Every structure is written in structure tokens, then in C-alpha cells.
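Q: Structure in C-alpha cells, see below.
The values are calculated or read from the model by the stated rules, or taken from the named source; none is laboratory data. Treat the numbers as computed from the prediction; the structure is a model and nothing was measured. Cβ: placed from backbone, ideal geometry, glycine included. Neighbour counts: every protein chain shown. Accessible surface is based on the protein model in full, side chains and every heavy atom, while ligands, DNA and RNA are left aside. Shrake-Rupley method; radii C 1.70, N 1.55, O 1.52, S 1.80 Å.
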Amino acid sequence: MRELNLVEAIREAFDEELERDDDVYIAGEDVGEFGGNFGETQGLVDKYGTERVRDTPLSEIGIAGHTIGAALAGLRPVAELQFSDFAATAGEEMINQIPKMPYITGGQVKLPLTIVAPAGAGIRAGAQHSQSVHAWMGHQPGFVVVTGTTPYDTKGLLKSAIRDDNPVFFLPHKKLMGVRGEVPEEEYTLPIGEASVEREGSDVTVVATQLMYYRAVEAADQLEGDIDVEIVNPRTYAPLDLDTIAESVQKTGRIVVVDETPLRYGTQGYIANEVTSNNFFSLDAPPKTVGVKDVPIPFSPALEDEVIPSADEVVDAIRAAF
């Protein structure tokens, strides 16, 4: 084991997959000489050349659109969007084409493409650059939606995403790019669609990923000795591993779902409903949910901090479950 930050984990995943498979290439705004908006492709153009690490025009619709033809032709494109919010400018491709094409062709075509799009708030980037869009993409049958939380799971899941024959929307979190963690030196992948129990506990299950996972850890530390918190990181939102969440709830009897999306039509309600519907008699209390306030993400640091759930809010929700 050695320590990498999230950016280094992404870069290493890209490097290993470019080396492993000549059909893999990366395309996006400033991924070449500039090395990526967060440094995630730094040095790769020198190693693999401009054919396999391609700078594109500032056009998300073009970036997403070209991957369709490339994937149909047998390549494995990795398209980078500088911010996940800009998936909205490629709505035709993202909504009507990429996730639906394998279905409407009766499975005659595969689209082995990966869209990497940094998501989330916390870097004071304002309303148009700070959204968490996994709920958007989770609403599109046909898309695999994967999040990156730790350097370890980010690298392993990104490698699996690039190898997957389905279109994958991969969402690292912008504020976590500098987070460090242990990553094996040897090559590895992680299975898509499997949650991880990151912290064992007996009193309450907290489901949280990305930035909210770290808020949940902070909350669990605050409650240590009082309430024993188990933390489940979904890792993948589509497909969602409800079995692992259910197993945890059957042990603890309580659940708090924390997510960096608004509560209105958010993933929190979906997870809470599934758990309640299928594990009603395992629950000792109704599920509690924590989410972003129902406003655009503010640019003001003080207001942004107010809108994004804090560890204290997670603590309050956990206590309210008893």
C-alpha cells in the first residue's frame, strides 16, 4: 500500500487502461498539454500522444456525441467534462441517445463509453458548477452511474467503468480531489454495483457517498461511545446495491440516508422507500433523510456551507432516529 490523492488515483487508472488496451482513448477540454482541469491527465499526452489523449473544442455536445460513433466503431472512449453540470448542454446525447441506443437496437449494439464528470459543491464555484447530478443520470435507464469517494474505490471503479460494455457516467467529487488514502501498488478493479460497509456499527445505518461519506464519518466519530454508527457507501447509484443496505438495516434497525442532492425527488427518498417497503419489520423507527436545501448552490462561502449538509446535521438526524 501507498498513499495517493484522488487525482493521482484517477490519473493512474487512466494510465493503466491506456497501456492495457489500445482501443481506449481520452478526449475532452484541456486533457492534453494542460493536463486536465484538476491535473488528472497530466503527462499522459507525452506518453500516449495526441491520438489517444485528445484535446477537444469547448463543446460538451461534441464531446459526448463523438463517443457514440467511436464506441459503435469498436473503440472505448473516455470523455471528460470539466464539470458534471455541463452534461445539461449535451442533453440530446446524454438523455436520448447514449443510454437508450443499446435498448432501441434490441441489444444489437454496445456502447462501451465512459463519461467522467467532476461533480459536487464545496469549492465555491457557484450555482452552475456545483451540482451533484447522479440523480439526473440515475433517472436514465441504460446508464451505469458510479461515484468516487476514496482514492481506493475511485481507481478500482474507474478501471471497471472503462472496461464495461455499457455506457458509464463516472462522477468524482471536486472537493475531494486532494483527499489522500491507501491504494495498492498492484493492479486491481472493483465490481460495479456493489456497496461497501466502510465502518461497522450496531445501532444505526448511515448511507452516504462522496463528500457526505466524510461528513458521516465525522458524525460517527462525534457519537462514538453513545451511538454505534455503521456507514454504507453505495459507490454505485445505478445499479444500486440495495441488498447490502438492507443487510445493514436488518442488523441495526435504523437508517439515515445522507446525500448531496436536494430532498425533493432525491436519492434519499428512493433509498428510504426501498428499505421501508422491503424491510418494514426490521425497522425500529422511520428512516431519516438529509440533503441539500432546495435552492441553487450559492457562490457565497457562508451560504454554500449553510446549504450543504454538515456533520452536525448528520448527528441531529441520527439522534432523531432514536
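Q: Among (1) outside any loop (DSSP other than H, G, I, E, B); (2) under 19 Å from residue 160 (Cα atoms); (3) at pLDDT 95 or above, where does residue 40 come up short?
A: (1)
Q: OK, next. Which of the residues spanning segment 47-66 are farther than 12 Å from residue 93 by Cα and of a type outside the set (Ser, Thr, Tyr)?
A: 47, 49, 51, 52, 53, 54, 55, 57, 58
Q: Turning to a different aspect of this structure: Kindly list the number of the only condition in (1) crowded, with 20+ Cβ neighbours inside 10 Å; (2) touching a helix residue (DSSP H, G or I) at 6+ places or on another chain (Cβ under 8 Å); (3) not in a loop (DSSP other than H, G, I, E, B) that fails for residue 192.
A: With respect to (1) crowded, with 20+ Cβ neighbours inside 10 Å; (2) touching a helix residue (DSSP H, G or I) at 6+ places or on another chain (Cβ under 8 Å); (3) not in a loop (DSSP other than H, G, I, E, B), residue 192 is out only on (3).
Q: Hey, another quick one. With within 21 Å of residue 147 (Cα to Cα) and either open to solvent by 10 Å² or more (accessible area, probe 1.4 Å) or out of contact with any Leu (no Cβ under 6 Å at 6 or more places or on another chain) (or both) as the only criterion, which of 16, 33 stands out?
A: None of the others qualify; the one that does is 16.
Q: A further question on this structure: For segment 208-226, which positions are outside any helix (DSSP H, G or I), closer than 14 Å to residue 318 by Cβ and out of contact with any helix residue (DSSP H, G or I) (no Cβ under 6 Å at 6 or more places or on another chain)?
A: Step one: of segment 208-226, the residues outside any helix (DSSP H, G or I) are 208-210, 224-226.
Retained after the next criterion (residues that are closer than 14 Å to residue 318 by Cβ): 208, 224-226.
Answer for segment 208-226, where residues must be outside any helix (DSSP H, G or I), closer than 14 Å to residue 318 by Cβ and out of contact with any helix residue (DSSP H, G or I) (no Cβ under 6 Å at 6 or more places or on another chain): 224, 225, 226.
Q: Exactly one of these conditions fails for residue 175: (1) over 19 Å from residue 93 (Cβ atoms); (2) in a helix (DSSP H, G or I); (3) touching a residue at least 60 places away in the same chain (Cβ under 8 Å); (4) not hydroxyl-bearing (Ser, Thr, Tyr). Give me its number.
A: Failed condition: (3).
Q: Taking the stated definitions as given, is residue 286 surrounded by 17 or more Cβ atoms within 10 Å (Cβ to Cβ) and either without any contact (Cβ under 8 Å) to a residue 60 or more places away in the chain or in contact with a Lys or Arg (Cβ under 9 Å, 6 or more places away or on another chain) (or both)? Let's see the steps before the verdict.
A: Values: surrounded by 17 or more Cβ atoms within 10 Å (Cβ to Cβ): no; either without any contact (Cβ under 8 Å) to a residue 60 or more places away in the chain or in contact with a Lys or Arg (Cβ under 9 Å, 6 or more places away or on another chain) (or both): yes.
Taking the combined requirement at face value, the residue does not satisfy it.
Q: Out of everything in segment 70-80 that is open to solvent by 40 Å² or more (accessible area, probe 1.4 Å) and of a type outside the set (D, E, K, R), what residue ends up being farthest from the chain's Cα centre (by Cα)? Break it down into steps so the answer makes sense when it comes.
A: First, the residues of segment 70-80 that are open to solvent by 40 Å² or more (accessible area, probe 1.4 Å): 72-76.
Of the ones still in play, those that are also of a type outside the set (D, E, K, R) are 72-75.
Numbers: 72: 25, 73: 27, 74: 26, 75: 24 Å.
Among residues in segment 70-80 that are open to solvent by 40 Å² or more (accessible area, probe 1.4 Å) and of a type outside the set (D, E, K, R), the one farthest from the chain's Cα centre (by Cα) is 73.
Q: I need the full set of residues from segment 96-111 which are part of a helix (DSSP H, G or I) and either charged (D, E, K, R) or open to solvent by 60 Å² or more (accessible area, probe 1.4 Å) (or both), in order please.
A: First pass over segment 96-111, keeping only residues part of a helix (DSSP H, G or I): 96-97, 101-104.
Residues satisfying the conditions are 96, 103, 104.
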